[in-house]
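Undergrad: Quick one: the structure is below, and I'll ask about it shortly.
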Amino acid sequence: MDTPQDILRALGLNADALTGGTLTARSPIDGAELAQVHEHTVAQAHSAITRARQASLAWRDVPAPRRGELIRLLGETLRENKTALGRLVSLEAGKIIAEGEGEVQEMIDICDFAVGLSRQLYGLTIASERPGHRMMETWHPLGVIGIISAFNFPVAVWSWNAALAIVCGNAVVWKPSEKTPLTALACQALFAQAMQRFGDAPAGLSEVLIGGREVGEALVDSHTVALVSATGSTRMGRQVGPRVAQRFGRVLLELGGNNAIIVGPTADLDMAARGIVFGAIGTAGQRCTTTRRLIVHESVADALVERLHKAYASAPIGNPLDSGKLVGPLIDRGSFDAMQDALKAAREQGGKVTGGERVLADEYPNAWYMRPAIAEMPGQTDVVCHETFAPILYVMRYKEFSDALALQNGVPQGLSSAIFTNDLREAETFLSASGSDCGIANVNIGTSGAEIGGAFGGEKETGGGRESGSDAWRNYMRRATNTINYSRNLPLAQGIKFGQ
């Protein structure tokens, strides 16, 4: 697999689908063209949704454990192709190899989770107030699930949704980012291999739509799509949410994060520094769970910030396909411009900025490698409250723990949060109802690197959705309350007497 073409062939992609198209796929590593992908028209999008609907009608009658077998085969196929798909993620999204393969491992893990789930789609038995009656809940497939994903996790987010949705008896239609179409086509090819091994899955069970806004709008506006699970910016969510709600569809939003780490006076600073650095510069700051704010007690701030500056100065930046690199490129010029605008604003708002400059421009003139930035701020200014998808860490100091919590919660986003402390009271307060207001709250571990076993998502402008583990499967099903009368009488609820 020496060339991109070798990787694409190894993953089973048809060469005809990668040439002569209108969407040029480029690698952020060096700006090189990877393929020219064919885009779908709106009419083709509607046809794909119709195929998915027909597939869902057949698939919903397949027993759930049998549906789980298809996902088990998908997991096996991913294991066999982990290296190739991970490398494609690195090529198309700019992640270092470890992160590219790590994302594929997330796919494998969610398949394992979903296979077990296929035998655990439990309802409840509920005590009835009427004699001779039994009340219970049953769960049924929704039908067609629409998935909209972002460039930064080009395969994992699809698998979080698709594995659960398919085990729950649905079909899926996926609209990936225009910046990462190849990884989506590769996933579809691997899913097709799993379907072939499975033997009798209906055609149309998984569809992929390549294209821009018009194709996405067709998916969002279709009354046939019961649930739209959308991952991306808050701006995107503001558009998707109301459009789906207008037709009374369901929506699952996983949007922006402006994640903070609090470091208390009793914290293990070496451990904290390690968690902060990985969280802040991993994926070049392009994770929704990236650590963007550091709220550190004044008694340890100088020592911790010194550690961070040393770590940042030595972090290897460069081609993510080369071993030993920790920081790859930003996805494109737009991300570079946004980072520079944010750093300019930070300086204007009283911040002291270290780093943030472009590097390797001579070697990679068509790519955007950046030195991660640390901005020591006088307070939580406007720019700090805004999520910039880049490796910028805003540092603020506090005296009282209540002030740290106020800073932590004082932004519009509410995805991930963490505290480093050896003080039991601080830790428990942080996890309590009066602590972090985020969907993810960690103690002595960073903000990124969530496991698939827990529900993933956040509050406020993060959208309120939950994907992946725990009981997130319920998003993809509808609940029915059933009452069975096995008596010879017909008593009414609430003791009502009628017609007597």
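Undergrad: For region 290-324, name all the residues that are open to solvent by less than 10 Å² (accessible area, probe 1.4 Å) and part of a loop (DSSP other than H, G, I, E, B).
TA: Thr290, Gly318, Pro320
Undergrad: If you scan region 360-379, which residues turn out to be in contact with a Lys or Arg (Cβ under 9 Å, 6 or more places away or on another chain), open to solvent by 20 Å² or more (accessible area, probe 1.4 Å) and either touching a residue at least 60 places away in the same chain (Cβ under 8 Å) or not in a loop (DSSP other than H, G, I, E, B) (or both)?
TA: Asn366, Trp368, Glu376
Undergrad: Which of the residues that make up region 413-425 are over 21 Å from the mean Cα position of the chain (by Cα) and open to solvent by less than 10 Å² (accessible area, probe 1.4 Å)?
TA: Ile419, Phe420, Thr421
Undergrad: Quick one: in region 392-412, of everything that is in a helix (DSSP H, G or I) and of a type in the set (A, V, I, L, M, F, W, C), which residue is least open to solvent (accessible area, probe 1.4 Å)?
TA: Ala404
Undergrad: Let me ask another. Mind checking which residues of region 325-358 are open to solvent by 30 Å² or more (accessible area, probe 1.4 Å) and either at pLDDT below 95 or in a helix (DSSP H, G or I) (or both)?
TA: Arg333, Gly334, Phe336, Asp337, Ala338, Gln340, Asp341, Lys344, Arg347, Glu348
Undergrad: Only one of Asn485, Asn409, Asn475 is among the polar types (S, T, N, Q) and over 28 Å from Trp139 (Cα atoms); which?
TA: Asn409
Undergrad: Residues being of a type in the set (Gly, Ala, Ser) and closer than 23 Å to Asp221 by Cα: count how many of those fall in region 122-158.
TA: 4
Undergrad: Now, a different point. Do you know which residues across region 259-287 are open to solvent by 20 Å² or more (accessible area, probe 1.4 Å) and under 30 Å from Ala150 (Cα atoms)?
TA: Listed by number, the residues that qualify are Arg274, Val277, Phe278, Arg287.
Undergrad: Would you point out the residue of region 8-30, among those that are open to solvent by 20 Å² or more (accessible area, probe 1.4 Å) and either among the β-branched types (Val, Ile, Thr) or touching a Pro at 6+ places or on another chain (Cβ under 8 Å) (or both), that is nearest to Ile331 (Cα to Cα)?
TA: Looking at residues that are open to solvent by 20 Å² or more (accessible area, probe 1.4 Å) and either among the β-branched types (Val, Ile, Thr) or touching a Pro at 6+ places or on another chain (Cβ under 8 Å) (or both), I get Thr24.
Undergrad: Can you list the strands (runs of 3 or more DSSP E) found entirely within region 106-225 that contain at least 2 residues being open to solvent by less than 10 Å² (accessible area, probe 1.4 Å)?
TA: 144-148, 171-175
Undergrad: Still on this structure: Take Glu428 and decide whether it is surrounded by fewer than 17 Cβ atoms within 10 Å (Cβ to Cβ) and not β-branched (Val, Ile, Thr).
TA: Yes; evaluated as a whole, the condition is true for this residue.
Undergrad: Could we say that Leu253 is closer than 21 Å to Asp437 by Cβ and either without any contact (Cβ under 8 Å) to a residue 24 or more places away in the chain or in contact with a strand residue (DSSP E or B) (Cβ under 7 Å, 6 or more places away or on another chain) (or both) here?
TA: yes
Undergrad: So Leu78 ticks every box in (1) under 28 Å from Arg358 (Cβ atoms); (2) crowded, with 20+ Cβ neighbours inside 10 Å but one. Which box is left unticked?
TA: (1)
Undergrad: Within region 462-480, is there a residue that is surrounded by 14 or more Cβ atoms within 10 Å (Cβ to Cβ), out of contact with any strand residue (DSSP E or B) (no Cβ under 8 Å at 6 or more places or on another chain) and assigned to a loop (DSSP other than H, G, I, E, B)?
TA: Among the residues of region 462-480, not one is surrounded by 14 or more Cβ atoms within 10 Å (Cβ to Cβ), out of contact with any strand residue (DSSP E or B) (no Cβ under 8 Å at 6 or more places or on another chain) and assigned to a loop (DSSP other than H, G, I, E, B), which makes the answer no.
Undergrad: Go through region 261-289 and count every residue that is among the polar types (S, T, N, Q) and either assigned to a helix (DSSP H, G or I) or in contact with a helix residue (DSSP H, G or I) (Cβ under 7 Å, 6 or more places away or on another chain) (or both).
TA: Selection size over region 261-289: 1.
Undergrad: Looking at the structure I just gave you, is Tyr364 modelled with pLDDT of 95 or more, of a type in the set (Phe, Trp, Tyr), farther than 26 Å from Arg235 by Cβ and in contact with a Pro (Cβ under 9 Å, 6 or more places away or on another chain)?
TA: Spelling it out, Tyr364 is indeed modelled with pLDDT of 95 or more, of a type in the set (Phe, Trp, Tyr), farther than 26 Å from Arg235 by Cβ and in contact with a Pro (Cβ under 9 Å, 6 or more places away or on another chain).
Undergrad: Do we find that Pro242 is part of a helix (DSSP H, G or I) and surrounded by fewer than 21 Cβ atoms within 10 Å (Cβ to Cβ) in this structure?
TA: It is true that Pro242 is part of a helix (DSSP H, G or I) and surrounded by fewer than 21 Cβ atoms within 10 Å (Cβ to Cβ).
Undergrad: Give me the pairs: first residue in region 52-76 and assigned to a loop (DSSP other than H, G, I, E, B), second residue not polar (S, T, N, Q), beta-carbon distance under 7 Å, and six or more apart or on different chains, which are they?
TA: Arg60/Pro141; Arg60/Gly169
Undergrad: In this structure, is Ile7 modelled with pLDDT of 95 or more and β-branched (Val, Ile, Thr)?
TA: So Ile7 does not fit the description; no.
Undergrad: Filter region 424-461 down to residues that are modelled with pLDDT of 95 or more, part of a loop (DSSP other than H, G, I, E, B) and of a type in the set (A, V, I, L, M, F, W, C), then give me how many there are.
TA: 3
Undergrad: Show the residue pairs meeting these rules: Cβ distance below 9 Å; 6+ apart or different chains; first residue within region 226-246 and under 19 Å from Pro154 (Cβ atoms) and at pLDDT 95 or above; second residue basic (Lys, Arg) and in a helix (DSSP H, G or I).
TA: Note: pairs meeting the criteria are Val228/Arg243.
Undergrad: Any chance you could count how many residues in region 31-59 are touching a strand residue (DSSP E or B) at 6+ places or on another chain (Cβ under 6 Å), closer than 16 Å to Pro176 by Cα and surrounded by fewer than 18 Cβ atoms within 10 Å (Cβ to Cβ)?
TA: Selection size over region 31-59: 2.
Undergrad: Could you pull out the residue among Glu400, Glu428, Glu459 that is over 19 Å from the mean Cα position of the chain (by Cα) and within 30 Å of Gly350 (Cα to Cα)?
TA: Glu400
The values are calculated or read from the model by the stated rules, or taken from the named source; none is laboratory data. Just so it is clear, the model here is predicted, and its values are computed rather than measured. So basically every Cβ, Gly included, is an ideal-geometry build from the backbone, and we count neighbours across all protein chains shown. When the accessible area is computed, the model is the full protein with side chains, heavy atoms only, and any ligands, DNA or RNA have been set aside. Shrake-Rupley method; radii C 1.70, N 1.55, O 1.52, S 1.80 Å.
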